[in-house]
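One structure is given here, and the rest of the page talks about it.
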Amino acid sequence: MTKTINLNVDLGQRSYPILIGSGLFKQEGLLDAFIGGRDVLILTNEQLAPLYLEPLQKLVTGSNVQQLVLADGEATKTLETLETIFDALVEFRFGRDCVLLTLGGGVIGDIGGFAAASWQRGVDFIQVPTTLLAQVDSAVGGKTAVNHPGGKNLIGAFHQPLCVLADMDTLNTLPERELSAGLAEVVKYGLLADAELFDWLESESAALLRRDQERLQHIVRRSCEIKARIVAADEREQGQRALLNLGHTFGHAIERCAGYGEWLHGEAVAAGMCMAAGFSERLGWIGAEDVARIRALLTRFNLPVDPPRVDPNEFLAAMSLDKKVIGGEIRLVLLKKIGEAVVTADYPSHELLDLLSERFIH
Ligand code: NAD
Ligand code: GLY
């Protein structure tokens, strides 16, 4: 059993805590201060309901607690599902003072958060992330969205939760592939902001893959500390928050070219970070030994380090759909060194196509 860590996302009146620990679902009264006897809709999916719905329900002492169990998977993150959620809220007659509670990974958190952002022009919500990826990334920071056939996360809003409850015990049931996908996002934090974390991941990789709870708690804590600091400084991604997208411009193109659902988000980010590292090396910013270290760590975490074989022009077209593109310029997050990243469009444009053609996609 690990001791609970309480972090704060500092956003003035919209500040909120992130509680990270084990046995949290058993701590009676833990959510009382946030729910305060209001109506609650718990949103979860078919995979998680049998595992965690009952213990969580005991923690939620609203006046009228309802649940909605959605289908599992990225394909659920649509406007149609959003309508299903609104239909339930209408049926339950839940008003502006209700609270939505999302129990699940990034899919449930993103769609539930967006439902909360838009129901009656915005109601409170609580994130209970159950994947490593959601605990280290998606549950924190207030980005909520659904997908459109034209692209991922195209319809959404910034809407911060009331609190984030990351119970480490839920990671025990997480499939191995999902654990690795979450580890990719942790490597991302090391690369963009914390060289010490990167070194630590190299030395502790075996224990992390064994799911040593103290070490898992350490990476959730460190990742949330870094994310909370960046979000507090730039909530709406006018500047430095874009650093959190290291590997994502390449990664989103991988997801798109491979067909959504083939690669997990974290897997695409892993290969995407290797591409960003390769490009940084090509520009002379980091050395070949850094690129080798990054690839070795991700390989150790059972993650892909190369993109699928696709036509370079098709890949470039997919990259140009990224939300960071401004005035047609593809802004990339690149590495100055391990532990320091920059957002830049300041590179010779032919270099990107050359990189794709020569080094990654044959
Ligand atoms: P996910 O929500 O699909 O969860 C992965 C799988 O694990 C699902 O099958 C789920 O049912 C299952 N699962 C979840 N917790 C489990 C547990 N404890 N035990 C057993 N099975 C469990 O995927 P994800 O990787 O958590 O999230 C990916 C989504 O998050 C994507 O849609 C991505 O766009 C989004 N995302 C959002 C942000 C953000 O800032 N909002 C950041 C990163 C990713
Ligand atoms: N996952 C990137 C962000 O929250 O900004």
Hits in region 2-22 - residues which are without any contact (Cβ under 8 Å) to a residue 60 or more places away in the chain and under 16 Å from Leu216 (Cα atoms): Lys3, Thr4, Asn6
Residues being within 12 Å of ligand 1 (Cβ to nearest atom), under 16 Å from Glu267 (Cα atoms) and either outside any loop (DSSP other than H, G, I, E, B) or in contact with a Cys (Cβ under 6 Å, 6 or more places away or on another chain) (or both): count how many of those fall in region 233-254. 5
When residues of region 248-263 are filtered for being closer than 15 Å to Ala184 by Cα and open to solvent by 30 Å² or more (accessible area, probe 1.4 Å), how many remain? 2
Taking Glu74 as meeting all but one of (1) closer than 30 Å to Asn6 by Cβ; (2) within 16 Å of ligand 2 (Cβ to nearest atom); (3) not aromatic (Phe, Trp, Tyr), write down the number of the exception. (1)
May I ask you to list the residues in region 168-194 that are open to solvent by 10 Å² or more (accessible area, probe 1.4 Å), without any contact (Cβ under 8 Å) to a residue 60 or more places away in the chain and either more than 9 Å from ligand 1 (Cβ to nearest atom) or out of contact with any Leu (no Cβ under 9 Å at 6 or more places or on another chain) (or both)? Asn172, Pro175
Taking region 98-112 and keeping only residues that are without any contact (Cβ under 8 Å) to a residue 60 or more places away in the chain and of a type in the set (Gly, Ala, Ser), one is left with Gly109
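Checking the condition more than 16 Å from ligand 2 (Cβ to nearest atom), at pLDDT 95 or above and closer than 24 Å to Lys143 by Cβ, which residue from Glu340, Glu329 passes?
On inspection, the qualifying residue turns out to be Glu340.
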Would you mind finding the one in Gly29, Gly37 that is modelled with pLDDT under 95, closer than 27 Å to Ala228 by Cβ and outside any helix (DSSP H, G or I)? Gly29
Scanning for something of a type in the set (Val, Ile, Thr) and touching a His at 6+ places or on another chain (Cβ under 8 Å), does region 144-155 turn up at least one residue? yes
In region 284-313, the residues that are surrounded by fewer than 19 Cβ atoms within 10 Å (Cβ to Cβ) and farther than 20 Å from Leu192 by Cα: Asn302, Pro308, Arg309, Val310, Asp311, Pro312, Asn313
Report, by residue number, each residue of region 10-38 that is touching a Lys or Arg at 6+ places or on another chain (Cβ under 8 Å), more than 16 Å from Thr102 (Cβ to Cβ) and surrounded by 16 or more Cβ atoms within 10 Å (Cβ to Cβ). Ile20, Gly21
Go through region 205-240 residue by residue and tally those that are loosely packed, with under 15 Cβ neighbours inside 10 Å, within 23 Å of Pro175 (Cβ to Cβ) and free of Cβ contacts under 8 Å to residues at least 12 places away in the same chain. 4
Only strands (runs of 3 or more DSSP E) wholly contained in region 85-167 count here; list those with 1 or more residues that are crowded, with 24+ Cβ neighbours inside 10 Å and near ligand 1 (Cβ under 8 Å from one of its atoms). 99-104, 124-129, 143-148
Hey, does region 226-242 have a residue that's touching a Ser or Thr at 6+ places or on another chain (Cβ under 9 Å), within 13 Å of ligand 2 (Cβ to nearest atom), over 15 Å from Arg300 (Cβ atoms) and of a type outside the set (Val, Ile, Thr)? yes
Of the conditions (1) acidic (Asp, Glu); (2) within 18 Å of His265 (Cα to Cα); (3) surrounded by fewer than 15 Cβ atoms within 10 Å (Cβ to Cβ), Glu202 clears all except one; give me its number. (2)
Quick count over region 44-61, residues being of a type outside the set (Ser, Thr, Tyr) and open to solvent by 40 Å² or more (accessible area, probe 1.4 Å), is 8
Matching residues, region 68-83, being of a type outside the set (Gly, Ala, Ser) and either surrounded by fewer than 17 Cβ atoms within 10 Å (Cβ to Cβ) or touching an Asp or Glu at 6+ places or on another chain (Cβ under 9 Å) (or both): Val69, Leu70, Asp72, Lys77, Thr78, Leu79, Glu80, Glu83
Looking at (1) more than 20 Å from Lys143 (Cβ to Cβ); (2) touching a residue at least 24 places away in the same chain (Cβ under 8 Å); (3) open to solvent by 20 Å² or more (accessible area, probe 1.4 Å), can you tell me which one Leu41 breaks? (3)
Contact list, first residue from region 143-157 and within 15 Å of Gly261 (Cα to Cα), second anywhere and open to solvent by 50 Å² or more (accessible area, probe 1.4 Å) and away from ligand 2 (no atom under 16 Å from the Cβ), beta-carbon distance below 6 Å, six or more apart or interchain, is Val146/Leu79; Gly151/Leu321
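The values are calculated or read from the model by the stated rules, or taken from the named source; none is laboratory data. Note that the coordinates shown come from a computational prediction; the quantities given were computed from them, not determined experimentally. As a convention, Cβ positions derive from the backbone with ideal geometry for all residues, glycine included, and neighbour counts pool all protein chains shown. Just so you know, the surface numbers come from the protein's heavy atoms only, side chains and all, with ligands and any DNA or RNA stripped out. Shrake-Rupley method; radii C 1.70, N 1.55, O 1.52, S 1.80 Å.
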